[in-house]
1. It is to be established whether one or more residues within region B:103-123 are in contact with a strand residue (DSSP E or B) (Cβ under 8 Å, 6 or more places away or on another chain), at pLDDT 95 or above, over 30 Å from A:GLY121 (Cβ atoms) and part of a strand (DSSP E or B).
2. Does A:PHE90 satisfy the criteria of being out of contact with any strand residue (DSSP E or B) (no Cβ under 9 Å at 6 or more places or on another chain), surrounded by 20 or more Cβ atoms within 10 Å (Cβ to Cβ) and touching a residue at least 40 places away in the same chain (Cβ under 8 Å)?
3. Being on the phi > 0 side of the Ramachandran plot and either among the aliphatic types (A, V, I, L, M) or open to solvent by 40 Å² or more (accessible area, probe 1.4 Å) (or both) narrows it down to one residue among A:GLY72, A:GLY20; which is it?
4. Residues in region B:175-190 that are among the aliphatic types (A, V, I, L, M) and touching a Cys at 6+ places or on another chain (Cβ under 9 Å): how many?
5. Does B:ARG140 satisfy being open to solvent by 30 Å² or more (accessible area, probe 1.4 Å), within 14 Å of chain A (Cβ to nearest Cβ) and modelled with pLDDT of 95 or more?
6. Which of the residues spanning region B:203-235 are in a helix (DSSP H, G or I) and exposed (fewer than 15 other Cβ atoms within 10 Å of the Cβ)?
7. Does B:ILE193 satisfy being more than 12 Å from chain A (Cβ to nearest Cβ), within 20 Å of B:ALA115 (Cα to Cα) and touching a residue at least 40 places away in the same chain (Cβ under 8 Å)?
Amino acid sequence: MGKEIRHQMARRAAREIHAGMVVNLGIGIPTLVADYVPDTTPVMFHAENGVLGTGPSPVQGQENPFLCNAGGFPITASKGASYFDSAAAFAIIRRGKLDMTIMGALQVSENGDLANWIVPGKRVPGMGGAIELAEKAGKVIILMNHVDKEGNPKILKKCTLPLTAAGCVNLIITDMAVLEVKTEGLFLKEVFPPYTIRDVQERTEPKLVLEDAVSGT
Amino acid sequence: MTSRVKPVDKLMTLEHALDLIETCESVMFGGFGGVGNPPTLIDGILERGITGLTLIGNDAGFPDIGIGRLISERRVKKIIASHIGSNPVAGKQMTDGDLEVEFSPQGTLAERIRAGGVGLGGVLVDTGLNNEAVTKGKKRIMIKGCPYLLETALTADVSIVYAKKADKYGNAVYDTSARNTNPLVAMAGNVTIIEAAEIVETGELNPEEVVTPGVFVDGVLKSKGVNWTWAWEKK
């Protein structure tokens, strides 16, 4: 995926973040989202390794190797930040204090099931904090490629990979489109140029419900 | 205020710490992605040739960073962790059947360690109920009409912890996000050894700021500092 597309996705995800929210950003593209939240929007970013109030990357040469995000990259602390142990980091999640989590996925089903922790026999990363984040965050946003490396849809009627959590995903932002998981179905909200509604449907297994506002052919 | 009673001095040599680790089965470690892993104790385990360890901790670090080095050097037979994705060597050993891996969701793992550290038998957790890998073999308990999983507590023969500063009694404070699992791990060891970047005289830490009370700690030793290159430094 090109750099431009990654930033386009991050920019779109940032529009979901509103003043006063507590937000956890996953590793990879989600990390970029913070750059697109206006300075005037008060937000607390949560890192599950024990920071509430993560700030921008430090100036090169001024890193504290111990002050990192969950991906192990140096960060700074914003005003009002706090440090705590892992139990408190997950207390924030489990207790419902986290308004939103933005993470990647291997597969998402039309009813919002999420698979992102294992590809049996191939990749065994482990679930990390994904289960707690997916089940307990107020809103779960997935940022991912619309199709896998072989061109197969990642948005499926039913996930074929072992689930991380069931029925947890609210919004999917891909390189092609924005889709919302609702009880009435999987709604296509936006299509990114140069793609068309047809392009998106062809690369999505379940039938999409079209929002009135979606343009394209 | 003066006191007639002098607190115990728990300064420990690296050699003594390694003697303790050498005779034990399970080692619990503090840290997250290498951050907050105790570098000097890890080096010592490697140099002493200690092997066949069961590790308990958040993750498998990276192949050349932190606790991951023990896996790369094949010193570990089993690890209980939430994540090994940052250490492909661990994944390969797992696939080859050389490393037993027990996954626990990260927040659940933290609570299992905390439960062990505070003297409980386990905790009731309502996350992972739809994840077969999590629910497998675990007892489901209904509380006020809601299902929970019984997650058992974790303790270890020895806990190894990295602190920013400790006094000779073992009171400890941590460095920003290097706190992570360290205070939980510090409570859950049958023997707990703190490796500190700085050791001060007992009485020099402000009691108000102490994160880990020294009563949980059996040994304090001075860290030689991190001797690996962080992933972000390699670019």
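1. Within region B:103-123, one or more residues are in contact with a strand residue (DSSP E or B) (Cβ under 8 Å, 6 or more places away or on another chain), at pLDDT 95 or above, over 30 Å from A:GLY121 (Cβ atoms) and part of a strand (DSSP E or B).
2. yes
3. A:GLY20
4. The qualifying residues number 1.
5. The answer is no for B:ARG140.
6. B:VAL215, B:TRP232, B:GLU233
7. yes
Yes or no, residue by residue, for (1) hydroxyl-bearing (Ser, Thr, Tyr); (2) free of Cβ contacts under 8 Å to residues at least 60 places away in the same chain:
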site	(1), (2)
A:ALA137	no, no
A:ASN145	no, no
A:ILE155	no, yes
A:ALA166	no, yes
A:LYS182	no, yes
A:GLY185	no, no
A:THR196	yes, yes
A:THR204	yes, yes
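The values are calculated or read from the model by the stated rules, or taken from the named source; none is laboratory data. Treat the numbers as computed from the prediction; the structure is a model and nothing was measured. With ideal geometry, Cβ positions are generated from the backbone for all residues, glycine too; neighbour counts draw on all protein chains shown. Calculation scope for accessible area: heavy atoms of the full protein, side chains included, ligands and nucleic acids excluded. Shrake-Rupley method; radii C 1.70, N 1.55, O 1.52, S 1.80 Å.
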